[in-house]
1. Please list, in chain and number order, the residues 5+ apart from residue 130 or on another chain whose amide H is under 5 Å from its amide H, with Hs placed from the backbone.
2. Sort 175, 66 by Cβ crowding within 10 Å, fewest neighbours at the top.
3. Quickly rank 23-33, 132-142 as a protection proxy: mean count of other C-beta atoms within 10 Å, highest first.
4. Residue by residue through the range 160-165, what is 3J(HN,Hα) from phi via Karplus (6.51 cos²θ - 1.76 cosθ + 1.60, θ = phi - 60°)? Round to whole Hz and write x for glycine and proline.
5. For residue 43 and residue 30, compute 0.36 nm times the residue count separating them, minus their Cα-Cα distance, and round to one decimal in nm.
6. For labels at residue 65 and residue 52 in the simple 7 Å Cα→Cβ model, what's the distance in nm?
Amino acid sequence: MSAPVDSIMKQTIKVYFYLINSKFLQDLKRNNCDILVRTCEKTYNEEQIVSNGINIIELAFPDGNSPPRKVIQQWLKIVSAHRLSKIQSQSLLTTEDDSDQMQSDGNVIKSEQSSSSLKTKKIKQKPSKRIGIHCLAGLGRAPVLVAIALIEFGMNPEQAINLIRSQRVGAINHSQAQFILKYKKRKSFSKCSIF
C-alpha cells in the first residue's frame, strides 16, 4: 500500500475501535458493571473504562484452552466477594417501622404484622452492581469462566453450557465443553443470577 492509503487505513481503524470501545463502555454502564474481567490479552485503552468507575481485573489464559486452576480460583474469589458485598448491602435495607419481622423479596420488602394482615412497602434500592467478563471473540475463555461460576452456584454442567450457548451461539469449543462437563463443584454456594 502507498503511504496515503496506509495513513487513511490506520485512521479508519482508530475510529472503528473508538466506536467499538464507546459502545462497549455504554453497555457496561447500562448494565451497571463495576468490575470488568478480561480473559484475553490487552487490546484496548483501559483509561476510559477505569475513569468511569469500572475496575479491570486481568485473568488471561490461552485462547481455545480451559482455564488453569489459579485463574479459576481468582475468578471464584471475585464472584464470591462481589456476591457477598451484594448480600451485605441488601441486609442494610430498612423501612420506617423496624419492629416488624422483615422479609426481602427483590425491591419489595414485606412486613409481617399478624397472620391476617400483610403490609408491603416499596423502597428505592440501588440497582445491584454486576461483573462484566470478556475475551477477544466472546466464544471461549469468558463463557468457560461463566459456566464454572454457574456450576459453583448450583447449576449442573449441561445446563450451564446450554444456557450460555442459548445466549451466545457458537460459545465453548469441544475441549472446553469436556472440561466443563468434568468440572466438580468446589464450594457450597447458594444461587446465582445471570443478567
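We did not get these values from a lab; they are worked out from the coordinates using the rules stated. None of the values given here were measured: they were computed from a predicted structure. Backbone-built Cβ (ideal geometry, glycine too); neighbour counts: all protein chains shown.
1. 33, 34, 35
2. 175, 66
3. 132-142, 23-33
4. With the stated coefficients, the range 160-165 comes to 4, 4, 4, 4, 5, 5 Hz.
5. Taking 0.36 nm per residue and subtracting the Cα distance, the gain is 2.5 nm.
6. The modelled label-to-label distance comes out at 3.1 nm.
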